[in-house]
Amino acid sequence: LTKPADISRVLEFTKVHTASTGLWGLVNNAGHNILVADAELSPVATYRSCMEVNFFGTLEMTKALLPLLRRSSGRIVTVSSPAGDMPFPCLSAYGTSKAAVALLMDSFSCELQPWGVKVSVIQPACFRTEAVKNVDQWEERKRQLLATLPQELLQAYGEDYIEHLNGQFLHSLSQGLPDLSPVVDAITDALLAAKSRHRYYPGHGLGLMYFIHYYLPEGLRRRFLQSFFISPYVPRALRLGQPSHTSAQDPGPNLGSAPTAQ
């Protein structure tokens, strides 16, 4: 998706095979995330990488195939993420790219309506895909972050802070749903149903999550995401010699421990 020449080859291949019919459906399924860390700890390159694949790659592929999709009054189905709707801890690079692509699809939905092209966005819960199950990959990226982080930031946050984030993240991934069929069913419905929906939310617990996000106070929303995804952990600079900062967020005697993937 980051190579225009590859997109051009896809376009030419698709033209050959849909010359008489047009293209009925495009499924954008890119979900690129390379780091789990606070926004301040995440290099700008991480944001660019997520945007290049999740947003710009999707944009280029969709625009390239739109003439064929318009000819058949077809469907565009894009897999986004609840992380694009809510501020999940330590997923700002991934989440902002998914928020951008969801808004892009909303724009396409309005603009392509006169052409009869329907646009759907899939917002799945956490499912245990191959990328999710690759624990070694996430461990290596954590080591790279620790090796390249500016010393001032490493001292301010602490290595144990980053270890905690990574351990919590791997634990939450291990709880992902193993059966991918709800996502496949949602994509299939978006492609084939006579009246496809604009949004699909496959997976358990998303109704409650969105209710909390839209209707409860900001403080409760934040606590819910922290307890659901990555629990709070006080940075080193706020712990050392400053006991007033070790409030309800302080892990107390278990400081430094973190759950690991099951």
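The values are calculated or read from the model by the stated rules, or taken from the named source; none is laboratory data. Please read these numbers as outputs of a predicted model, since none were measured by experiment. All Cβ positions, even for glycine, are placed from backbone atoms using ideal geometry, and neighbour counts span all protein chains on display. Remember, those area values only see protein heavy atoms, side chains included, never the ligands or the DNA or RNA. Shrake-Rupley method; radii C 1.70, N 1.55, O 1.52, S 1.80 Å.
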(request) Might you let me know whether region 217-231 holds any residue that is surrounded by 15 or more Cβ atoms within 10 Å (Cβ to Cβ), at pLDDT 80 or above and more than 26 Å from the chain's Cα centre (by Cα)? (result) no
(request) Can you work out which of the residues in region 133-172 that are open to solvent by 30 Å² or more (accessible area, probe 1.4 Å) and of a type in the set (Val, Ile, Thr) is farthest from residue 232 (Cα to Cα)? (result) 148
(request) Being part of a helix (DSSP H, G or I), in contact (Cβ under 8 Å) with a residue 60 or more places away in the chain and aliphatic (A, V, I, L, M) is the filter here, so list the residues in region 195-244 that pass it. (result) 206, 209, 225, 237
(request) Evaluate region 11-19: report whether one residue or more is within 29 Å of residue 96 (Cα to Cα), of a type outside the set (Val, Ile, Thr) and within 16 Å of the chain's Cα centre (by Cα). (result) no
(request) State the number of residues belonging to region 12-43 that are of a type in the set (A, V, I, L, M, F, W, C) and open to solvent by less than 30 Å² (accessible area, probe 1.4 Å). (result) 7
(message) Just to be sure I understand, how many residues within region 58-115 are more than 22 Å from residue 11 (Cα to Cα), open to solvent by 30 Å² or more (accessible area, probe 1.4 Å) and among the hydroxyl-bearing types (Ser, Thr, Tyr)?
(response) 4
(request) Quickly run through region 131-165 and pick out the residues that are hydroxyl-bearing (Ser, Thr, Tyr) and over 19 Å from residue 45 (Cα atoms). (result) 157, 161
